[in-house]
1. Go through (1) closer than 21 Å to V113 by Cβ; (2) part of a strand (DSSP E or B); (3) touching a residue at least 24 places away in the same chain (Cβ under 8 Å) for E212 and report which single condition fails.
2. Does the range 33-86 hold any residues that are within 22 Å of the chain's Cα centre (by Cα), more than 20 Å from L108 (Cβ to Cβ) and of a type outside the set (V, I, T), and which are they?
3. Among what's in the range 24-58 and is of a type outside the set (D, E, K, R) and in a loop (DSSP other than H, G, I, E, B), pick the residue that is farthest from T146 (Cα to Cα).
4. So which of A121, A161, A131 is at pLDDT below 90, assigned by TED's automatic domain parsing to the domain that holds K33, surrounded by fewer than 20 Cβ atoms within 10 Å (Cβ to Cβ) and assigned to a helix (DSSP H, G or I)?
5. I'd like to know if the range 91-102 contains one or more residues that are in a loop (DSSP other than H, G, I, E, B) and either surrounded by fewer than 18 Cβ atoms within 10 Å (Cβ to Cβ) or under 19 Å from the mean Cα position of the chain (by Cα) (or both).
6. Of all residues in the range 71-90, how many are surrounded by 15 or more Cβ atoms within 10 Å (Cβ to Cβ) and in a helix (DSSP H, G or I)?
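The values are calculated or read from the model by the stated rules, or taken from the named source; none is laboratory data. Bear in mind that the values here come from a model prediction, so they are computed numbers and not experimental data. Quick reminder, even Gly has a Cβ in these numbers, built from the backbone with ideal geometry, and neighbours come from all protein chains shown.
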Amino acid sequence: MSMRIFLIPSTTAALMLALPAFAADDAQTFVNKAAIGGMFEVDSSKIAQDNAKDQQIKDFAKRMITDHGAANAKLQKIAGEQKLQVPTQSDAAHKSDLERLQSTTASLDQPYVEMQRKAHADAVGLFQAYAKDGDNPALKSFAAETLPTLKMHQNMIEKIAGASASTPAVKSASTPKPPAPVPGANSFTEAQAKKRIQDAGYADVSALAKDEQGIWRGQATKDGKGTSVALDYQGNVFAGQQ
C-alpha cells in the first residue's frame, strides 16, 4: 500500500501561525457588550453616589458617571454612523447586580467596589482585544482611544479596594459593644478576621465565610468547648448563634 504525504505550503503555514490566539468580537457584538457595560457603569454609579458611605467611593462613582456617560454617547454616535444597533436595555446579569445594589440593607460600598473591579476587568479585556483586532475601523479607533481611560479607572478601583482591605473599619474603644453583629461593608480579610477572633480568646478558628451582610462567621473553641463565632465590620466578636 502506498502512502501519500501531504505538505502544507509554507505560505499557508505562515498564515496559520499568524492568526491571533483570541479573535476580537465582530462589530455588532462589540457594540452590544460595550453599550451594556457602559450603561451598567453609569446606573450602578448613580446608586453608589447617592448611597455609598465612603467619600472616596462617592467620588469614584461621580467620575464613572461622567466618563462612561461621555463614552456611551460617543459609542452611540459611531454605531449609528456604521448602521449598527445599540442596546437600550441591560442584560439579565447586570440587571441582577443593579437590583442587588438597590435592595441591600447593609452598606453597598463593598459590593459596588467588587462589581466595579469585575466590570473594568471585563471592559479592559473587551476594548483591548477590539483595539488590536477589530473588524470596523471607526469602532477600532474608538476602542483604542477609550482604553487608556478604562485602564485608569481600573487602577483607581483597585487602589480603593486595596485601601479598604488594609484599613478595617474598627470601632473605637469607647463605643459600647452592640448586642449582635452589625451589618456593613466588612474590610477585614479572612486572615485578619481569624486573628481578631483569636485575640478575643478563641482557638481552632475555622470555616470562616463572609455572609451577605458583611459578617464573618465560622467555628471556634473556647475553654475546650466548640461554638459558632462571628465578627462584624466594626471588629466586634460574638459567640453562639447571632
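1. With (1) closer than 21 Å to V113 by Cβ; (2) part of a strand (DSSP E or B); (3) touching a residue at least 24 places away in the same chain (Cβ under 8 Å) applied to E212, the lone miss is (2).
2. K33, A34, A35, G38, D67, G69, A70, A71, N72
3. A52
4. Details: A121 fails: at pLDDT below 90; A131 fails: at pLDDT below 90.
Every option except A161 fails the conditions.
5. Looking only at the range 91-102, we keep the residues that are in a loop (DSSP other than H, G, I, E, B), and these are 91.
Narrowing the set further to residues that are either surrounded by fewer than 18 Cβ atoms within 10 Å (Cβ to Cβ) or under 19 Å from the mean Cα position of the chain (by Cα) (or both) leaves 91.
Yes, that holds for at least one residue.
6. Selection size over the range 71-90: 6.
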